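Visitor: For reference, the structure I am asking about is given below.
Taken together, the values in this text are just the output of simple stated rules run on the coordinates, not laboratory data. These figures come from a predicted structure and were not determined experimentally. Every residue, glycine as well, gets a Cβ built from its backbone with ideal geometry; the counts of neighbours run over all protein chains shown.
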Amino acid sequence: MKTLLSTIGAVLLLTMSGLFIYSTSLKTEEPQKITFFSLPNEIDFAGEKTPLHLVDVRERLDREMLINTNLHSTTTLIIKRAKRAFPVIEPILAKYGVPDDFKYLAVIESGLTNAVSPAGARGVWQFMPETAKEKGMEVNEIVDERYHLEKSTEAACKYLIDAKNKFGSWTLAAAAYNGGMGGVNKQITNQQVSSYYDLLLTEETSRYVFRILALKQIMKNPVAYGFDIPTSQLYHPIETQKIQVDSSIIDLAVFAKNLGINYKILKIHNPWLRDRKLENKSKKTYVLEIPVEGY
């Protein structure tokens with residue numbers, strides 16, 4: 001009876017702590033096994049070396065590596081989504097001359113989903129409305145191109161190039177994407193240093209580049225970090241055809257049915273359509289993606 005109660009107590013404790021570990025054994029002496037992974041000997045962001053010889057730098061990277069290797073479901077989903085999102089993002093980064101590592105910035109911003117932040121940032125690249133408009137995106141109640149992966153990636157490239165030109169560093173450009181160019185520049189001036197790794201910043205911006213580095217390391221070496229996901233289980237790109245529309249669409253549900261799909265599928269592939277209709281008094285040309293199969 002004593003052994004059984006001891007076992008039940010252990011199970012309740014684990015459940016309350018959110019671990020939810022199941023075991024067929026009634027033994028309670030065996031401790032929970034946690035797998036630790038060694039930090040890489042060296043790592044860089046966009047070709048700029050991370051100074052891992054600095055104690056605080058190494059420990060900040062260690063923190064993000066530990067968190068993301070143990071966020072099993074979240075990191076697994078990110079790796080799966082990357083198979084579909086990266087083929088869209090990568091050529092746009094290359095077109096603008098922005099280092100490929102910035103695709104991991106999109107990862108930490110949104111988990112490669114059209115996320116909505118409490119502050120009002122939206123989309124994979126998490127643009128606020130005014131910044132999105134400044135970078136050429138249409139944002140209103142009918143059309144919100146922050147949800148358009150290609151156009152928001154192009155806008156992100158423009159912002160990052162401006163930041164790189166201002167700071168002379170891709171690492172600082174990444175930090176500015178989170179902390180704002182004005183905010184980062186103020187701290188550089190006040191603290192009289194020029195490296196991201198020497199700056200004392202807000203916790204979020206201080207962690208920002210390290211989160212990018214951690215996801216880069218894990219996603220480039222998933223098996224080494226315990227994410228052995230079969231290729232068949234990744235979310236592969238869905239083949240689509242593109243159609244141009246230069247007039248208003250009164251009812252998107254009817255429009256979708258006429259194309260042989262439904263309203264849900266239309267919105268999944270064109271999330272930038274934010275209403276049940278598309279008002280287009282200016283005769284602007286919009287490009288819609290319609291799946292060929294996979295629905």
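Visitor: Suppose R0 equals 41 Å; then what is the FRET efficiency for residue 53 and residue 113 from their Cβ-Cβ distance, rounded to the nearest 0.05?
Guide: Efficiency computed from Cβ-Cβ geometry: 0.70.
Visitor: Enter the per residue convex hull volume of segment 136-202, computed from alpha-carbon coordinates, in Å³ rounded to the nearest integer.
Guide: Cα convex hull per residue, to the nearest whole number: 98 Å³.
Visitor: Kindly provide the helix-only [θ] at 222 nm of the chain, computed as the sum of -39,500 (n - 2.57) over DSSP H runs of four or more divided by all residues, to the nearest 500 deg cm²/dmol?
Guide: My calculation for the chain gives -15000 deg cm²/dmol from helical runs alone.
Visitor: Now for a separate question. Can you tell me the FRET efficiency between residue 253 and residue 134 if r is taken as the Cβ-Cβ distance and R0 is 25 Å, rounded to the nearest 0.05?
Guide: So the FRET efficiency works out to roughly 0.15.
Visitor: If one puts a single equal scatterer on every Cα of segment 142-295 and applies the Debye formula without solvent, what log₁₀ I(q)/I(0) results at q = 0.09, 0.12 Å⁻¹?
Guide: Calculated log10 I(q)/I(0) at the listed q: -0.50, -0.78.
Visitor: P(r) for segment 36-156, please, calculated from all Cα pair distances in 10 Å bins and given in %.
Guide: Spelled out per bin, shortest first, that is 12, 36, 34, 16, 3, 0.
Visitor: Starting from a Cα-only point model with no solvent, please compute log10 I(q)/I(0) by Debye for segment 104-162 at q = 0.19, 0.23 1/Å.
Guide: -0.58, -0.86
Visitor: Angle, helix 2-16 long axis vs. longest principal axis of the chain, Cα atoms, 0 to 90°, nearest 10?
Guide: Around 30 degrees separate the two axes.
Visitor: As an exercise, use a Förster radius of 51 Å and the Cβ-Cβ distance of residue 281 and residue 165 to find the FRET efficiency, rounded to the nearest 0.05.
Guide: Computed FRET efficiency for residue 281 and residue 165: 0.85.
Visitor: Still on this model: For the chain, what value does the Rg/Rh ratio take when both radii are computed over Cα atoms and Rh is the Kirkwood radius, given to two decimals?
Guide: Rg/Rh for the chain comes to 1.05.
Visitor: Stokes-Einstein diffusion coefficient for segment 225-293 at 20 °C in a medium of 1.002 mPa s, Rh from the Kirkwood formula over Cα pairs: what value in µm²/s? The partial results should precede the final answer.
Guide: Details: Rh = 13.7 Å.
So the translational diffusion coefficient is about 156 µm²/s.
Visitor: Over the chain, what is the relative contact order in percent, taking alpha-carbon pairs closer than 8 angstrom and at least six residues apart?
Guide: Across the chain, relative contact order equals 18 percent.
Visitor: Another question, then. Above 17 angstrom, tally the Cα pairs of segment 35-94 and express them as a % of all pairs, no decimals.
Guide: 57 percent
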